[in-house]
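Colleague: Following this message is one structure expressed as C-alpha cells.
The values are calculated or read from the model by the stated rules, or taken from the named source; none is laboratory data. In this text, all values refer to a predicted model and were calculated from it rather than measured experimentally. Cβ sites come from the backbone with ideal geometry, for glycine too, and all protein chains shown count toward neighbours.
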Amino acid sequence: MTAIMSWLEWCSNTSTIVFIRDSSFGMPAVQSVHLVGLTVLLAAILVLNLRLAGVTMMDWRLAEVERQLRPWAWVGATLVLASGAVMFLGNPAKYLANPAFQLKMASLALAMLCQFGVFRSFFRSEPGVRPRTANLVVAALSLTFWFAVGWAGRAIAFV
C-alpha cells in the first residue's frame, strides 16, 4: 500500500497536476469537463433506460437506440474518467479518506460493470422477448447505480 501511496504522491507533484491544482482556473476547468462528461453519459444512459422500460421512443428498436447512443456514452465516460483522474491526483490523500468519494468509486464500478457487462444483453436485444417486469427492474437498477455516482460525487464537497 505504501508503494501505491508513494506513486500517487509523486503523480500529484508532477508539474502538470501542480499547475492545474494551484492555478485559479485549472481545477474549475477540469471540474467543468467532469460535469459535461457526466451530463453526456447520464443523458445517454437515461434515454437508453427509458426506452428499455417502454416509456419513450417506442417506434425505435432498442438495439438501434443503443447503437446510436453508444458513442455518446463512451465519450461521456472518457471525459468523466480522465477529468476525474486529474481531480483525484490533485489531492489523492484527501479523496481516499472521504467516505463520499469511496461510495462514488464503488457506485461507479458497479454502474460500469452492470451497464457495459451484465445489462449489455438487455440493451442489445428487443424488450418484447422478456417479461416487462425484467425490463423495468434492469432500467431502474441501471439508473439508480448511475445517479448514485452523481449524488455521491456531489456529496464529496460536504463530507
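Colleague: When you go through (1) without any contact (Cβ under 8 Å) to a residue 60 or more places away in the chain; (2) surrounded by 13 or more Cβ atoms within 10 Å (Cβ to Cβ); (3) of a type in the set (A, V, I, L, M, F, W, C) one by one for ALA53, which number turns out not to apply?
Modeller: (1)
Colleague: Could I ask something else about it? May I ask you to say which residue of ALA152, ALA85 is under 23 Å from ALA29 (Cα atoms) and touching a residue at least 40 places away in the same chain (Cβ under 8 Å)?
Modeller: When all the criteria are applied, what remains is ALA152.
Colleague: I need the helices (runs of 4 or more DSSP H) fully contained in the stretch 1-78, keeping only those with at least 2 residues that are modelled with pLDDT under 85.
Modeller: So the answer is 2-12.
Colleague: So, in the stretch 127-159, how many residues would count as being under 16 Å from LEU41 (Cα atoms) and among the hydroxyl-bearing types (Ser, Thr, Tyr)?
Modeller: So the answer is 2.
Colleague: A further question on this structure: Of all residues in the stretch 88-98, which are surrounded by 13 or more Cβ atoms within 10 Å (Cβ to Cβ) and either without any contact (Cβ under 8 Å) to a residue 12 or more places away in the chain or part of a helix (DSSP H, G or I) (or both)?
Modeller: Result: PHE88, LEU89, GLY90, PRO92, TYR95, LEU96.
Colleague: Of the residues that sit in the stretch 99-158 and are part of a helix (DSSP H, G or I) and among the charged types (D, E, K, R), which one is surrounded by the most Cβ atoms within 10 Å (Cβ to Cβ)?
Modeller: Only one residue fits best here, namely LYS104.
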